[in-house]
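What follows is a short report on a single structure.
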Amino acid sequence: MEIRLAECAGFCFGVKRAVDTVYEHLEKGKTIYTYGPIVHNEEVVKEMAEKGVRVLETRRALEELKLCGNEENAAVIIRAHGVPEEIYRILEEKGLECIDATCPFVKRIHKIVEQESREGNFIVIIGNPGHPEVEGILGWCKGPAVVLEEPEEAEKFIAPEGKKLCIVSQTTFNYNKFHYIVEIFQKKGYNVSVVNTICNATEERQRAARALAAEADVMIVIGGKHSSNTRKLYDICSEECANTYFIQTLDDLHLELPKAVRLVGITAGASTPNKLIEEVQNYVRINF
């Protein structure tokens with residue numbers, strides 16, 4: 001039986017940068033807060049909590065920021081997902097050190113929607129409306145904007161009369177689905193400016209996962225249960241391989257592989273550390 005890891009799997013550039021930023025500032029003896037969990041991976045967040053990192057719950061951030069405002073040597077780290085513009089102002093008003101670990105690809109979207117909306121254009125964000133990255137993007141729009149996730153929503157959408165539309169995407173959105181939704185807007189004849197803001201790492205990870213799942217008898221997708229990009233990997237792999245498993249840790253893996261299995265494929269979301277991927281690989285290799 002062959003065990004094969006997808007060509008692109010695990011920590012992406014933006015997540016690795018954010019995680020490294022936390023550990024770098026811990027070593028400097030700072031009291032570290034992260035604005036929301038630094039990544040959507042419970043194991044990584046738990047490990048950081050054991051080292052003293054505290055998470056500000058974004059829904060109660062204003063209230064919680066008051067609590068950390070009186071501490072000496074305290075710093076708030078903005079995670080890779082980014083935050084609305086208002087959060088920077090609040091941190092500055094409270095005199096808190098802000099360490100910005102927003103992914104550069106997400107920062108680019110902030111600049112695009114800010115400029116386009118200032119010019120009077122209507123912003124359409126293709127993504128998950130409850131995702132922190134999308135909430136952050138909305139917080140940089142200076143005019144009307146809408147978040148759409150499904151083709152059906154695009155079909156029902158009616159653009160404001162005389163408005164040019166600027167379409168952007170959550171960086172981890174399904175590549176094929178994004179283009180399908182864009183086609184719906186184009187067929188409606190709207191004046192549309194499309195900026196494909198899905199990051200290259202996401203496209204490559206999704207393509208590699210799909211290609212491997214098409215060959216595999218069994219696929220294992222590793223990532224946090226709240227990770228949007230991991231959920232999309234699972235959906236993609238499930239389309240190609242009926243025996244697809246979504247796990248957070250090795251404890252979740254309950255495989256019963258028939259002898260006929262030739263290839264077990266493994267992929268992982270952008271918030272999954274390498275050591276967890278290696279644990280799963282070694283477990284399958286030793287036990288099957």
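Select from region 1-56 the residues that are without any contact (Cβ under 8 Å) to a residue 12 or more places away in the chain and charged (D, E, K, R) and write down the one among them that is nearest to THR272 (Cα to Cα). Filtering region 1-56 for residues that are without any contact (Cβ under 8 Å) to a residue 12 or more places away in the chain and charged (D, E, K, R), the one nearest to THR272 (Cα to Cα) comes out as LYS16. Just one of the listed residues (ILE87, ILE126, ILE112) is of a type in the set (A, V, I, L, M, F, W, C), modelled with pLDDT of 95 or more and closer than 21 Å to HIS40 by Cα, namely ILE126.
Of these, ILE125, ILE90, ILE77, which one is crowded, with 20+ Cβ neighbours inside 10 Å, under 30 Å from LYS28 (Cα atoms) and either in contact with a helix residue (DSSP H, G or I) (Cβ under 9 Å, 6 or more places away or on another chain) or not β-branched (Val, Ile, Thr) (or both)?
ILE77
Could you check region 1-26 and list, in sequence order, the residues that are within 21 Å of GLU204 (Cα to Cα) and either of a type in the set (Ser, Thr, Tyr) or touching a Gly at 6+ places or on another chain (Cβ under 7 Å) (or both)? Of everything in region 1-26, those that are within 21 Å of GLU204 (Cα to Cα) and either of a type in the set (Ser, Thr, Tyr) or touching a Gly at 6+ places or on another chain (Cβ under 7 Å) (or both) turn out to be ARG4, ALA6.
Only one of the numbered conditions (1) modelled with pLDDT of 95 or more; (2) touching a helix residue (DSSP H, G or I) at 6+ places or on another chain (Cβ under 7 Å); (3) buried (at least 20 other Cβ atoms within 10 Å of the Cβ); (4) in the same structural domain as ARG79 (by TED's automatic domain parsing) is violated by PRO37, and that is (1). Select from region 131-159 the residues that are within 22 Å of the chain's Cα centre (by Cα) and in a loop (DSSP other than H, G, I, E, B) and write down the one among them that is surrounded by the fewest Cβ atoms within 10 Å (Cβ to Cβ). Filtering region 131-159 for residues that are within 22 Å of the chain's Cα centre (by Cα) and in a loop (DSSP other than H, G, I, E, B), the one surrounded by the fewest Cβ atoms within 10 Å (Cβ to Cβ) comes out as GLU150. You will find that of TYR234, TYR245, the residue that is in a helix (DSSP H, G or I), without any contact (Cβ under 8 Å) to a residue 40 or more places away in the chain and among the aromatic types (Phe, Trp, Tyr) is TYR234 and no other. Scanning region 178-206 for residues that are within 21 Å of the chain's Cα centre (by Cα), without any contact (Cβ under 8 Å) to a residue 40 or more places away in the chain and in a helix (DSSP H, G or I) yields HIS179, TYR180, ASN200, GLU203, GLN206.
Just so you know, in region 93-122 the residues that are part of a strand (DSSP E or B) and in the same structural domain as GLU24 (by TED's automatic domain parsing) include one that is surrounded by the fewest Cβ atoms within 10 Å (Cβ to Cβ), and it is GLU97.
The values are calculated or read from the model by the stated rules, or taken from the named source; none is laboratory data. The structure presented is a predicted model; accordingly, all values stated were derived computationally and were not measured. Every residue, glycine among them, receives a Cβ derived from its backbone with ideal geometry; neighbour counts consider all protein chains shown.
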